[in-house]
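Asks: My questions all concern the structure below.
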Amino acid sequence: MAFDPRDIYDAAALYDMWLNCQSCPKTFDFEPNRPIGLDYYHDIGQQAKHDGWVVAEQVDVERPDEESYMVLCSHCAAQYGLTAGNARTAAAPAAIEEVCQAMAMAEQGQFAA
Ligand SMILES: [Zn+2]
């Protein structure tokens, strides 16, 4: 399995760099055992999904062009009656594609040197 920009967990991990619960101080504390890159964020996203964190896209009315994610730890998600799911967007958001491409190019640069 590799990074999937349409998987909202992967996208949120990449875009936010880390996952913080929005209704309590909890941070998703998981360090993949691999170099930082797309697969690194993929591991974080999938582990968060596995651990029951809930991630959903939300629209920030003041910044409609930017991606924004609602992130809740498993405890808070349960309080709201939410469960982790296979949230997938039909198409990867443009902002995520851009970060992906930049990251992929940086990775290539690393290995080409
Ligand atoms: Zn929480």
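Computed from the coordinates by the stated procedures, all read-outs in this text should not be read as laboratory data. These figures come from a predicted structure and were not determined experimentally. Here the Cβ positions follow ideal geometry from the backbone for every residue, glycine too, while neighbour counts run over all protein chains shown.
Asks: Relative to the longest principal axis of the chain, what angle (0 to 90°, nearest 10) does the C-alpha long axis of helix 38-50 take?
Replies: Helix 38-50 sits at roughly 20 degrees to that axis.
Asks: Moving to a separate point now. So how long is each side of segment 44-109 along the principal axes, counting just the alpha-carbon atoms, biggest first, in Å?
Replies: So the extents along the principal axes, rounded to whole Å, are 43, 30, 19.
Asks: While we're on this one: With n ≥ 4 as the cut-off for DSSP H runs, can you work out [θ] at 222 nm for the chain, using -39500 (n - 2.57) per run divided by the number of residues, rounded to the nearest 500? Mind showing how you got there, number by number?
Replies: On the way: 4 runs with 47 residues, N = 113.
Value at 222 nm, helices only, nearest 500: -13000 deg cm²/dmol.
Asks: Nothing charged except the Cβ atoms of Lys and Arg (+1) and of Asp and Glu (-1): what's the magnitude of the dipole of the chain about its Cα centre? Round to the nearest 20 debye. Each step should come with its number before you reach the end.
Replies: Numbers: 6 positive and 18 negative charges, 69 e Å.
In total the dipole reaches around 320 debye.
Asks: Helix 94-112 sits at what angle to the longest principal axis of the chain, using alpha carbons and giving 0 to 90 degrees rounded to 10?
Replies: 40 degrees
Asks: Ranking ARG34, ARG88 by Cβ neighbours within 10 Å, fewest first, what do you get?
Replies: On the way: ARG34 10, ARG88 13.
Ranking ARG34, ARG88 by Cβ neighbours within 10 Å, fewest first, gives ARG34, ARG88.
Asks: Oh, and also: If each residue's Cβ is checked for other Cβ atoms within 10 Å, how do MET70, MET1 rank with the fewest at the top? Don't skip to the answer; put the middle values down first.
Replies: Working: MET70 14, MET1 9.
Result, fewest neighbours first: MET1, MET70.
Asks: Hey, if you drop one equal point scatterer on each alpha-carbon of the chain and run the Debye formula without solvent, what base-10 log of I(q)/I(0) do you get at q = 0.10, 0.17, 0.18, 0.20 Å⁻¹?
Replies: For the chain at q = 0.10, 0.17, 0.18, 0.20 Å⁻¹, log10 I(q)/I(0) is -0.29, -0.80, -0.89, -1.07.
Asks: Given the options GLN79, GLN46, GLN101, state which has the largest fluctuation in a GNM of the chain using a 10 Å cut-off (strictly under) for Cα springs.
Replies: GLN79
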